[in-house]
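What follows is a single structure, written as structure tokens, with notes after it.
The values are calculated or read from the model by the stated rules, or taken from the named source; none is laboratory data. Just so we're clear, the structure is a prediction, and the values are computed from it rather than from any experiment. Every residue, glycine as well, gets a Cβ built from its backbone with ideal geometry; the counts of neighbours run over all protein chains shown. Just the protein is used for accessible areas: all its heavy atoms, side chains included, with ligands, DNA and RNA removed. Shrake-Rupley method; radii C 1.70, N 1.55, O 1.52, S 1.80 Å.
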Amino acid sequence: MNTTLPKVLGLCALLLGTIASAQASDAQPQIRVTGEGRATLAPDMALLQLMVTREGATAREALDANSAAMEEVLRAMRKAGIGERDLQTAEFGIQPRYRHHRPTAAGQQEPPEIVGYTVSNSLMVRVRKLGEVGKILDESVSLGVNQGGNIQFLNDDPSAALEQARTAAVKDALQRAATLTAAAGVRSGRILEISEQSYQPRPQPMARAEMRMSADASAVPIAGGENAYTVTVNLVLALEQ
């Protein structure tokens, strides 16, 4: 039996372990820091969700009533200057309505009975003139919109705000690194890794219950406020002792 091969393999394993240990001991110390930057920007458009819900004894009856009401809403949106690219159906559903029977004296339970149908159609509307938002909401209710979803104030191009937040986040991370290394009596060196996460505004809830408003009501008051864009930056820097 050849005993040379096991000895050679053992020597190679020992050599590789020695090299790995040397590399680990020579690894440069690092520091990991996180910085955050924030920038605000006034919105320049709004995204509305308008829902029409209608009921009928049959699915066809409910669908016809819903389609007629939604067609009126779409016609009004186009008349108000909303472009086709800014009108999009978001949700559509047909649901049966049931009547549930009470258990009999013998404890038997009859199956539920279908007594009608509900059809809902949700429309997403992008309004590029914020001054028109209240008027559009008021008119949509007058035309048959009876449920609201969300209203979101957006920016068509938030790149400038994101760039500002990104720059502030990097400066914050470097300042944190400088403070930590100074306290530890070491100096930070070159950047080894850098990554980021950005956070943009999310939809704010509007009235989710049934919307009731008289036809002669004034335009709905709307406040756009500001959108806040936040960027988080993670840095890995080498340490120089």
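Between residue 106 and residue 60, the distance separating the two model label sites (each 7 Å from Cα on the Cα→Cβ line) works out to 3.8 nm. Potential lengthening of the chain between residue 135 and residue 68 amounts to 22.0 nm, from the contour at 0.36 nm per residue minus the alpha-carbon distance.
Residue ranking by accessible heavy-atom surface, 1.4 Å probe, largest first, among 67, 122 comes out as 67, 122. Per-peptide packing, taken as the mean over residues of other Cβ atoms within 10 Å, places 157-164, 105-112 in the sequence 157-164, 105-112 from highest down. Average projection, convex hull of the Cα set of the stretch 66-112: 5.0 square nanometres. Put a dot 7 Å past the Cα of residue 115, heading toward its Cβ, do the same for residue 40, and the two dots end up 5.1 nm apart.
So if we plug the beta-carbon distance of residue 192 and residue 160 into 1/(1 + (r/R0)^6) with R0 = 30 Å, what FRET efficiency do we get, rounded to 0.05? Please report the intermediate quantities before stating the final value.
On the way: r = 29 Å, r/R0 = 0.97.
Computed FRET efficiency for residue 192 and residue 160: 0.55.
Of the trypsin sites (Lys or Arg not before Pro) found in the stretch 104-136, those that fall in a DSSP loop while having at most 14 other beta-carbon atoms within 10 Å are 128, 129.
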